[in-house]
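Before any comments, here is the structure.
The values are calculated or read from the model by the stated rules, or taken from the named source; none is laboratory data. Remember, it's a predicted structure, so these values are computed and weren't measured experimentally. Reconstructed Cβ throughout: ideal geometry from the backbone, glycine too, with neighbour counts over all protein chains shown.
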Amino acid sequence: MASRDKVKALVLAGFGLNCDWETAHALELAGAQARRVHISDLTGTARRKPTETLDGYQILVFDGGFCWGDDHGAGVLLATRLGNHLGEQLRTFLERGGLVIGICNGFQGLVNLGLLPLLEPGWPRQVALAANDCGNFQDRWVELLVEPESPCLFTKGIKRLDLPMRHGEGKLVCEPAVLTRLESQGLVAMRYGDGRGRRAAGAWPANPNGSMNDIAGICDPTGRVFGLMPHPEGFYRASQHPDYTLRREKARRRGKPLDPLSPGLGLSIFINAVAAAQETL
Amino acid sequence: MPIRLEIGLKPGLNDPAGQGLAHKARAYLGLRLEAARVLRVLTFDTGLDGAQLEKVRQAIFTNPVTEVSSFKPLAEQALPEFDWALWVGLKPGVRDNEGATALEAMADVLGRAFGPQEAVYASRLYLLKAPRLSAEGAEAICRQLLANGLIQTWRVIPRHEWDPALGVGIVIPRVELAHEPSLRTFAINSDQELLELSAARDLFLNPADVPVIRAYFNDPAVRAARAKVGLSDPTDVELEYVSQARSDHCNHNTFNGRFYYQDLVSGERKTVDNLFKECIKAPTEALAAAKDWVVSVLWDNAGVARLDAENNYVITGETHNSPSNMEAYGGAITGIVGVYRDPMGTGKGSKLVAGLWGFCVAPRDYAGELQPALHPRRLLDGIIEGVRDGGNKSGIPTALGLLYFDPRYLGKCLVFVSAVGVMPALVNGQPTHEKTTEPGELVVMCGGRVGADGIHGVTASSAGYSENTPAGHVQIGDPYTQKKMHDFLLEARDQGLVPYLTDNGGGGLSSSVGESARFSPGAEVDLKQVPLKYQGLDPWQIWVSESQERMTVAVRPQDEKAFLDLADKHQVEATVIGRFSGDGKLRLDYGDQVCCYVDVEFLERGFPQWEFEALWTPPAARGLAEPVVTPPAELGWLLQELLGSPNLCSREWINRQYDHEVQGSSLIKPFCGRGRDVPSEAAVLLPVLTSRVGLAMSQVIAPDYGDIDTYHMVTASMAEAYGRVAAVGGDPEQVGGVDNFCWPSIIYNPANNPDGRYKAAQLVRACWALKDGCQALEIPLLSGKDSMYVDGTLTSARGLRRRVSGPPTMMFTATAPVPDLEAVQSLEPKLAGDLVYVLGATKDELGGGALYGLWGQTGLQVPVTDFEQVREVCRTLHQALKAGLVASACVPSRGGLGMALARMALASRLGLEVDLDKLPVHGQLDHMRRLFSESTGRLVVTVAPQRAKEFEQLLKDIPWACLGRVTKAQRVAARSGGQEVLGLTVAQMRAAWRRRFGRMV
């Protein structure tokens, strides 16, 4: 495919975001042309005009990190900054069918911007990602169960996958009425599993943060905006999985190598995004 | 007018921070809190009007889903039945990260700049429902759980004194130094006068240096040159500069010292002319000359070695002991964030890819009479949290770490922090590891602003302590500011805008500008251009302040605009403060006043070497002997005790809080196995995602061996670190090392340090071991640091004062590329039926080991390392890993083969059956010694039966044996003399191993 036909993905960078390199790398592996773009280049600063816009991109990634140190609620200042400067561009981007994925800090940014769950116009903040019930930042691998009925375009064809979660504020909280709508409209895209394919049912550490209904990721009603707490780019290659050396050994015994750089299941989420974006080109 | 905003979770929601406080109050202080809620408090000292305040309240500071907020007190809404309100805020001048980001966000939302007098201050209000809590109890919660008097201030308000309208009131911790900056000069007519001045100003000048300093300033040629710029006698700026540069911390006077060593038993005498040159520099220089993968060592902020054809890795290690000992969180976060600046400031800059940690503290349950500044439990909590926030918020994976308890760390804890970076070998066609300054280039300071931080209490004592005096010497690191600077400097490097950079650490500008001026040589700096946190600092304070998150960069004049523009994009403050000259002079001005004019080289000239007497008494002559032990027939309970002992049990909760997978580089994580909870032998990262070369790193300390002989402590540590990187697939032919010495004072004083000469001998022997190990294993020392005063004088409630010296400690960190990613391996056996091999011989070496430790004994027979065996075993393993023959590899260390088998079983959730009689041994060893001896240079590996023959063909020239099999039954069974001498299920082992800390989160 000629590069002009390639799906273009914009990965936010700067101000404490820190998963931009590997997220861009995963998108490239998934077939996109990914660029890391500094937030200042989109919003400008007091002394500089913006040098970049969302025009020409099909995928916008709010990646993980600690934007502005997460000092006033995770993702809050990212949302304020982008809402303040990019509101119109974001609206246009969504209207022309752009895909948005928010991962961890990026998910926190999306709910604070009101880009998720987008149950009504005006981008109200209806969902929060609050401090983990266990009281601390955690880095652990979790099982995720994908909801087959969800309109989410990013999770098509995936039933379950393991991913690392790495956050201190990931407990999904909302009013009961909002929760009902999330569930009834299929906006819950993935939940924490117990490691054996059943729901974690709130039990720690399978549900690592105390999220309502074990919710790990949600989408908007179009399925084009998706946010999740675990990191799909944390399993873009096989050798990121904690069982890699076991899986490789088992493969070897069957006479098949398992290349450490072969794709991990997390890459499927980016592959799905690129495939969905392809249709808008 | 100042106004206070209070923010809390909606009453129906869980408050994990409040619950955490209630838990700690009960567990640590025995105080029962029925409920606790936490309110965030922001005090605005700004010119905003009511509408603007309301706008930021809603848009920034209140989450409508989870929070409520109000400019009026919220306490009665948040917890109507509260009995106590505890308010905790920062003291003036302490870095307030939350306040700073609040201001940044407000400026953006309101489209309004804030002036230097405007600020936001963050604090916390804790509401407790605790009807039986006394005033003393409430005070203890503040003092012992919530706040540290060095950096924080607090108020305890009982409900009956609570004013519902005023709440906690308004506190504005603004720094106000009612001081007109000035320059002082000192006519120094005698050595005695300079010594008195040194004492009065806390310069800590070494008496031997005093005549050299005076001679310089009295030199007629120097005086003539100074007269031309209007200076005569030395200024305070110059004396402070000398003091910083000549300190042991900056100048490593101990390691550069001359040692007169004597063995008191044999009478043998040896003189070491310079410990550093002889034991560290010489072997490393020889290896660097012989090995093309050693890129840059011994001069820059960190060492550089080759990762793959296009990339180099950068590593250094440091300690941050004294500050952490006083303010654990602040010290540790400043430590980890600070060490990250070393690889950033190496060559033209590197991208940070990993952080490592090591904590040495007194037992968590210490209940003795002496009163350290912070109880070890609280100290450890604070250190853990500091490294957590510093690492996580920097976006750098915290790849590995270790925790070690010893009561002797009560005097001073150790906080090791290490940092790894990567750089492309070439940027714009130029070697990235090279850097230099040229006359005419600008001196640019980037990052944070300068305050009175890190100036040892001088300000406080000279200005008199008040509510508005900055808390100078303890700092809070700011990873957010530094992350922005990191991203900025890498982009600037790649655009070719950075010919030279270095970090501002100890000594601040005096050190960074002083060092960078040696290249050009010479520099002129106007201290008045340096951006300050607050006014009123004297020029000498600006010059030596250690305010964090700063780098000094040389910028070509034609690149000034591009560099400053890029800084603005990243919202990093960058300021031109001077220019490099070529006249060999360091000239500092403060506006129109010259305040320093010295030769750049003068700190290197003519200073006398420190000298030490080192008296060694060999261990047997010190009365050490082997314990007299008859082993029991059954050893399982001993292994369970080892598994439960403080230094071997699970401490999963620590690295679990550290993001060890950010950057997408993780390969062998800090934990391995089916439960993902057994510590790995080493970490492996893929620091460059497009490469196929990984980087293995391990770290080891073994202070208990040092109680017998520090020589063998160091050799064992090196052997183990080398074995661990080999076990995960690292190339044993490309192992680099980092040595971090933490030693008690070796300066002999019959009253204060009567065994100083023995400690000096311990240091000499450790260095000899380092040299021997480097030569034998061909490990160049890529970096290293020393921290020489691990001592503390503690008092008890009943008036006892006692000096507690830490045990001689050296952390050895090993790194090695994993050139073939297929060779990467973890320690857990993979499949039942595989064969279990032990490589390397076992000797009767329980001395200083974990088994004797259970009985409080030291013993005599410390592991004596045979480097030839270590090397052969690891080379053989590497061959086997590359051929895909080995399914797991584990290095027996503390707790010997028994602990190795236990770790393998715990991780695999499989079992192991071994016959101890088959173990290759030297001499006669009973079953207990076979199982728990800590001989170095050994490996346990598992191999598929169908590959056994191929594997065994590789085993030349090393002792080895096939001991048994991996079993499906989750049980470790060891036989000897036809009997089962050990039989433990994985569940039994797991229970013992997790009992102590398994519930901690």
Enumerate the pairs (first residue in the range B:984-999 and closer than 20 Å to B:K24 by Cβ; second residue anywhere and of a type in the set (D, E, K, R)) with beta-carbon separation below 7 Å, excluding pairs fewer than 6 apart on the same chain, so at least 6 apart or on different chains. B:F997/B:R651
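Is it the case that B:G47 is touching a residue at least 60 places away in the same chain (Cβ under 8 Å), small (G, A, S) and within 14 Å of another protein chain (Cβ to nearest Cβ)? Talk me through it step by step, then tell me what you get.
Numbers: touching a residue at least 60 places away in the same chain (Cβ under 8 Å): yes; small (G, A, S): yes; within 14 Å of another protein chain (Cβ to nearest Cβ): no.
For B:G47, the condition - touching a residue at least 60 places away in the same chain (Cβ under 8 Å), small (G, A, S) and within 14 Å of another protein chain (Cβ to nearest Cβ) - is not met.
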Considering only the range B:232-279, how many residues are aliphatic (A, V, I, L, M) and surrounded by fewer than 21 Cβ atoms within 10 Å (Cβ to Cβ)? 4
Residue that is closer than 25 Å to B:S826 by Cβ and under 32 Å from the mean Cα position of the chain (by Cα), where the choices are B:T876, B:T936: B:T936
Any helices (runs of 4 or more DSSP H) falling wholly within the range B:647-750 and containing at least 1 residues that are more than 10 Å from every other protein chain (Cβ to nearest Cβ) and crowded, with 23+ Cβ neighbours inside 10 Å: B:703-706, B:710-727
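Assess whether B:L239 counts as being hydrophobic (A, V, I, L, M, F, W, C) and not in a loop (DSSP other than H, G, I, E, B).
Values: hydrophobic (A, V, I, L, M, F, W, C): yes; not in a loop (DSSP other than H, G, I, E, B): yes.
Yes, satisfied.
Taking into account only those residues within the range B:536-563 that are of a type in the set (A, V, I, L, M), assigned to a helix (DSSP H, G or I) and surrounded by 21 or more Cβ atoms within 10 Å (Cβ to Cβ), which is nearest to the other protein chains (Cβ to nearest Cβ)? Reasoning before the result, please.
We begin by selecting, within the range B:536-563, every residue of a type in the set (A, V, I, L, M); these are B:537, B:542, B:544, B:551, B:553-555, B:562.
Filter once more, so that each one left must be assigned to a helix (DSSP H, G or I): B:542, B:544, B:562.
Filter once more, so that each one left must be surrounded by 21 or more Cβ atoms within 10 Å (Cβ to Cβ): B:542, B:544.
Values: B:I542: 26, B:V544: 28 Å.
If we take residues in the range B:536-563 being of a type in the set (A, V, I, L, M), assigned to a helix (DSSP H, G or I) and surrounded by 21 or more Cβ atoms within 10 Å (Cβ to Cβ), then B:I542 is nearest to the other protein chains (Cβ to nearest Cβ).
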Candidates A:A34, A:A74 - the one that is farther than 30 Å from B:L9 by Cβ and either buried (at least 18 other Cβ atoms within 10 Å of the Cβ) or not basic (K, R) (or both): A:A34
Inside the range B:844-939, counting only helices (runs of 4 or more DSSP H) that do not spill past its ends, which hold 2 or more residues that are touching a residue at least 60 places away in the same chain (Cβ under 8 Å) and among the basic types (K, R)? B:867-882, B:927-932
If B:L782 satisfies every condition in (1) closer than 20 Å to B:P618 by Cα; (2) crowded, with 24+ Cβ neighbours inside 10 Å but one, which is the exception? (1)
Over the range B:72-100, the set of residues of a type in the set (A, V, I, L, M), touching a Lys or Arg at 6+ places or on another chain (Cβ under 6 Å) and not in a loop (DSSP other than H, G, I, E, B) is B:A78, B:V88
So B:V594 fits all but one of (1) assigned to a strand (DSSP E or B); (2) within 23 Å of B:T436 (Cβ to Cβ); (3) in contact with a Gly (Cβ under 8 Å, 6 or more places away or on another chain); what number is the exception? (2)
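Mind counting the residues in the range B:393-439 that are in a loop (DSSP other than H, G, I, E, B) and within 14 Å of chain A (Cβ to nearest Cβ)? Break it down stepwise before answering.
Going residue by residue through the range B:393-439, those that are in a loop (DSSP other than H, G, I, E, B) are B:393-397, B:406, B:411-413, B:425, B:428-429, B:432-439.
Then drop every residue that is not within 14 Å of chain A (Cβ to nearest Cβ), which leaves B:393-397.
Residues meeting the conditions: 5.
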Note on A:V178: of the conditions (1) surrounded by fewer than 24 Cβ atoms within 10 Å (Cβ to Cβ); (2) more than 11 Å from chain B (Cβ to nearest Cβ); (3) among the β-branched types (V, I, T), unmet is (2)
Would you check if there is a residue in the range A:216-233 being within 13 Å of chain B (Cβ to nearest Cβ) and over 18 Å from the mean Cα position of the chain (by Cα)? no
Tabulated pairs, the range B:107-131, first within 30 Å of B:E81 (Cβ to Cβ) and more than 10 Å from chain A (Cβ to nearest Cβ), second part of a loop (DSSP other than H, G, I, E, B) and at pLDDT below 95, C-beta under 7 angstrom, 6+ apart or interchain: B:Y121/B:D96; B:Y121/B:I172; B:Y121/B:P173; B:L125/B:V168
Qualifying residues in the range A:94-132 (those that are free of Cβ contacts under 8 Å to residues at least 60 places away in the same chain and more than 19 Å from B:I60 (Cα to Cα)) - the one nearest to the other protein chains (Cβ to nearest Cβ): A:E120
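Of the residues A:G135, A:G73, which is in a loop (DSSP other than H, G, I, E, B), facing another protein chain (nearest Cβ under 8 Å), under 29 Å from B:D677 (Cβ atoms) and modelled with pLDDT under 95?
A:G135
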Considering only residues of the range B:350-384 that are outside any loop (DSSP other than H, G, I, E, B) and farther than 21 Å from B:M811 by Cβ, which is nearest to the other protein chains (Cβ to nearest Cβ)? B:K351
Of all residues making up the range B:783-835, the number that are within 14 Å of chain A (Cβ to nearest Cβ) and in a loop (DSSP other than H, G, I, E, B): 13
Write out, first by first residue and then by second, each pair whose Cβ atoms fall under 7 Å of each other, whose residues are 6+ apart or on separate chains, and whose first residue, in the range B:13-27, is farther than 14 Å from B:R377 by Cβ and within 7 Å of another protein chain (Cβ to nearest Cβ) while the second is assigned to a loop (DSSP other than H, G, I, E, B) and of a type in the set (D, E). B:N14/A:D133; B:P16/A:D133
Regarding B:V914, is this residue in contact with a Cys (Cβ under 6 Å, 6 or more places away or on another chain) and farther than 30 Å from A:N209 by Cβ? no
